[in-house]
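Chemist: Got a structure for you, questions after.
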Amino acid sequence: MSWNNVVVFLLGFVACAILFFGLSSGLEVPSTVSGFGVLGSGFDKEISPSDHVNEDDIIVLGDKVILNIRGVSLSNYADSGSMVPVLDKGANGIRIVPLSEDDVEVGDIVSFRIGGILVVHRVIEKGVDDEGVWFDVKGDANMIGDGRIRFEDIEYVTVGILY
């Protein structure tokens with residue numbers, strides 16, 4: 001038996017075990033798609049958004065909360081499942097327009113367009129190549145990322161979420 005056959009067998013075995021466990025335990029097996037999504041959850045709990053709002057910019061009064069944030073707008077989300085459990089239908093996002101690459105860090109939730117659709121996914125890696133700064137993005141519930149985007153592709157950075 002060749003190593004290729006062993007690898008294929010092991011991959012098939014693991015995939016079947018995951019599917020069997022998920023289906024037989026009564027758990028739902030997510031199959032979210034944002035162009036490339038596959039079974040499972042690729043959310044890395046150690047990647048958190050950067051702090052875009054200073055504590056001094058949050059004013060809590062008895063009947064309201066005031067946020068002093070430049071260029072802020074409100075967003076709401078479609079029921080796509082790609083950012084569950086963080087974002088889903090019913091959540092309200094507070095977002096800003098980033099002014100430079102420095103305004104976007106690993107862990108941030110950004111909005112960018114794919115084929116005219118405004119997609120909201122997390123930055124999982126940031127780097128530099130011959131063309132400049134790039135951002136690798138992926139939905140929290142997706143196993144596979146969307147690939148690299150550039151700063152000019154990013155329309156918003158989510159700085160807060162209200163449920």
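The values are calculated or read from the model by the stated rules, or taken from the named source; none is laboratory data. Values in this document were obtained by computation on a predicted structure and should not be read as measured data. Note that each Cβ is placed from the backbone with ideal geometry, even for glycine, and that neighbours are counted across all protein chains shown.
Chemist: Among the residues that make up region 89-105, is at least one of them at pLDDT 90 or above, polar (S, T, N, Q) and part of a loop (DSSP other than H, G, I, E, B)?
Modeler: Yes, region 89-105 has at least one match.
Chemist: Just to verify a result, which residue in region 55-81, among those that are modelled with pLDDT under 90 and closer than 25 Å to E101 by Cα, is surrounded by the fewest Cβ atoms within 10 Å (Cβ to Cβ)?
Modeler: Restricting to residues being modelled with pLDDT under 90 and closer than 25 Å to E101 by Cα, the top hit is R70.
Chemist: Continuing with the same structure: Please determine, by comparing only the residues of region 112-159 that are over 14 Å from the mean Cα position of the chain (by Cα) and on the phi > 0 side of the Ramachandran plot, which one is surrounded by the most Cβ atoms within 10 Å (Cβ to Cβ).
Modeler: In this case the residue turns out to be G132.
Chemist: Here's something else I'd like to know. Restricting to region 65-88, give me the number of residues that are in a strand (DSSP E or B), under 17 Å from E155 (Cβ atoms) and touching a residue at least 40 places away in the same chain (Cβ under 8 Å).
Modeler: Let us first name the residues in region 65-88 that are in a strand (DSSP E or B), namely 65-67, 72-76.
When the remaining residues are screened for being under 17 Å from E155 (Cβ atoms), the result is 72-76.
In the following step, the residues that additionally are touching a residue at least 40 places away in the same chain (Cβ under 8 Å) were identified as 72-73, 75.
Matching residues across region 65-88 total 3.
Chemist: Condition test on I94, is it β-branched (V, I, T) and closer than 26 Å to W134 by Cα? I'd like the intermediate steps shown before the answer.
Modeler: On the way: β-branched (V, I, T): yes; closer than 26 Å to W134 by Cα: yes.
Criteria met by I94.
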